[in-house]
1. Of the residues in region A:5-33, how many are over 20 Å from A:Arg206 (Cα atoms) and either in contact with a strand residue (DSSP E or B) (Cβ under 9 Å, 6 or more places away or on another chain) or not in a helix (DSSP H, G or I) (or both)?
2. Going by what's in this entry, would A:Arg198 be described as crowded, with 20+ Cβ neighbours inside 10 Å and basic (Lys, Arg)?
3. When you scan region B:169-180, do you find a residue that is among the β-branched types (Val, Ile, Thr) and over 13 Å from the mean Cα position of the chain (by Cα), even just one?
4. I'd like to check something: does region B:240-250 contain any residue that is part of a helix (DSSP H, G or I) and within 19 Å of A:Leu82 (Cα to Cα)?
5. Residues B:Phe70, B:Phe110: which one is outside any loop (DSSP other than H, G, I, E, B) and more than 20 Å from the chain's Cα centre (by Cα)?
6. Looking only at region A:170-191, count how many residues are more than 14 Å from chain B (Cβ to nearest Cβ) and crowded, with 24+ Cβ neighbours inside 10 Å.
7. Take A:Leu125 and tell me if it is touching a Leu at 6+ places or on another chain (Cβ under 7 Å), farther than 30 Å from B:Thr49 by Cβ and either more than 14 Å from chain B (Cβ to nearest Cβ) or at pLDDT 85 or above (or both).
8. Do we find that B:Leu148 is assigned to a helix (DSSP H, G or I) and either away from chain A (no Cβ under 12 Å) or within 20 Å of the chain's Cα centre (by Cα) (or both) in this structure?
Amino acid sequence: MINAWEVGTIVAIVAGVVGFLVVLRGDVFAAHAIPNGAFAGAAGASLVGLSPLLGLGLCSVTAALVISALRRHGQRDASTALVLVLTLASGAALLSQSTQLASSAYSLLFGEILGASATRVLPLLLLAVVVVGVVLLRWRAFVLSAVTPDLAMARGIHQGRLDASFLVVVALATTLTVPVVGALLVFSLMVGPAAAARLLVARPGRSLLVATATSLVVLWGALAAAYWTNWPVGFFVSVGSAGVYLIVRLITHSR
Amino acid sequence: MHWLIAPGFFTSAPVHTALVLSAIAATVCAVVGVFTVLRGMAFAGHALTDVAATGGSGAVLVGASPLTGFLTGAVAGAGAVAVAGGRDARGRDVATGIVLSLATGLSALFLYLDATTSSATGVTQRVLFGSLFSADPSTVLPTLSVGLLALVVTGLTVRPLVLTSLSVELARARGIRVGLVNVVFLATMATAVGLSALVSGSLLSTALLIGPAVAAVRCTTRLSHALVVATALGVGCSWLGILLSYDSYNWMPNNQSLPVSFFVVVTVVLSYAICTWWGTRARRV
């Protein structure tokens with residue numbers, strides 16, 4: 001359980017930081033589609049006996065690059081949707097081939113407390129440092145191109161390349177998060193707290209801190225609740241993050 | 001012919017049911033999908049599929065039919081998306097995302113409870129990725145009537161739909177109630193998603209809704225052509241998917257056939273690639 005807390009803390013910090021930029025840049029659908037690519041990767045890796053983390057990483061980075069290449073040609077949402085269904089369907093086909101895999105389908109999709117406690121901390125920590133490091137280094141470019149694309153272009157920031165590198169950051173964050181909260185719910189942890197923070201605080205830096213803190217509270221709460229009830233972690237994560245967003249929206253609305 | 005069509009394909013009753021159900025679902029999805037793509041609502045469409053999954057897994061829990069579950073879920077989701085809607089595109093995406101994530105969380109709980117309370121195995125796969133061959137023949141009639149209803153509603157609202165997709169301001173000036181059109185369209189989309197979930201499982205129903213439509217939009221210039229091409233592609237892809245899934249029983253060493261939804265998705269994506277290539281070539285000439 002102590003291991004689960006450590007892993008959970010790393011995951012929540014990464015999800016909060018990356019989620020803030022996802023909401024700011026309006027990449028919500030892509031952030032939902034990439035974890036689904038990861039699902040196929042994890043299923044494939046365990047079928048051939050590779051480390052699931054490697055499969056997750058390879059597949060989600062590939063999905064991110066394909067999405068960013070396709071959506072330059074218009075119909076942004078529709079091309080993202082096609083990548084999503086293709087990766088999910090491949091995952092489903094892999095699962096149908098092995099009964100052993102089929103039983104792990106549920107935890108791949110919705111997360112499991114065992115998944116959190118069985119993950120080794122060191123590779124996760126290294127990956128988390130890389131993700132947060134890239135975000136901090138490229139912070140100005142990411143924020144500028146999200147808020148005022150014209151100004152970013154005038155500053156000589158290459159939009160296409162920046163877009164691709166951001167989606168790769170999302171893919172790496174996904175790789176970390178999937179074993180704990182599951183492929184379908186990574187997205188909840190990224191979007192809910194960040195959207196709530198954006199409503200509460202206007203300044204990007206402070207808003208980022210609020211988002212990260214909220215996602216930490218949500219994930220700690222979810223881990224504790226899942227430990228007590230034996231229900232899936234993903235359920236508590238999604239209810240927690242949607243709940244936070246709804247409460248904040250009601251408060252800011254009545255003001 | 002045996003290498004193409006495995007023996008027993010035309011005489012098998014489950015195959016007949018599958019072919020009929022998928023033709024209905026694919027037609028409704030193609031027509032509704034073209035408008036979904038034109039209005040840029042693919043994300044909302046996908047969110048509805050996740051809410052349909054919640055409905056489907058809830059239906060297993062209370063013992064209702066899958067079609068009822070998928071349809072109730074998707075329609076409830078449409079209501080939630082309409083209520084949550086934001087002011088601009090980004091706000092709307094975030095609100096849709098919250099509905100989606102809450103729905104997925106609930107599916108997680110329902111599927112967990114399904115697995116612990118019932119002895120049935122593979123509930124997760126069945127609800128999320130579909131099992132068309134085990135569909136009950138008695139669902140054909142309700143599917144057909146719901147599908148016809150969705151098509152009639154789309155047909156009646158086609159002018160306001162096109163106008164609001166092209167320009168909201170112009171539609172307002174003409175006295176069209178944009179909000180109402182949006183809500184009616186969301187409900188129609190929910191119906192299409194519910195039907196499609198029956199064919200390819202709730203998570204993959206996005207494929208039938210978006211795939212044929214975006215392929216058709218890429219290679220045609222007129223709405224009527226796009227509708228015809230999308231319907232032909234949708235029905236063709238789902239029938240080909242059923243055939244390949246049936247055949248795949250003989251391909252695999254362990255006689256473990258691959259799911260219908262997998263082949264439907266693969267053929268849909270291939271047809272999208274071909275149409276895109278064809279569309280760009282035609283424009284260049």
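1. Adding up the residues that qualify gives 1.
2. Spelling it out, A:Arg198 is indeed crowded, with 20+ Cβ neighbours inside 10 Å and basic (Lys, Arg).
3. yes
4. Within region B:240-250 (the criterion being part of a helix (DSSP H, G or I) and within 19 Å of A:Leu82 (Cα to Cα)), the answer is yes, since at least one residue qualifies.
5. When all the criteria are applied, what remains is B:Phe110.
6. Residues that pass the stated criteria total 6.
7. Criteria not met by A:Leu125.
8. Yes, satisfied.
The values are calculated or read from the model by the stated rules, or taken from the named source; none is laboratory data. Quick caveat: nothing in here was measured; it's all calculated off a predicted structure. Neighbour counts are summed over all protein chains in view; Cβ atoms, including those assigned to glycine, are modelled from backbone coordinates with ideal geometry.
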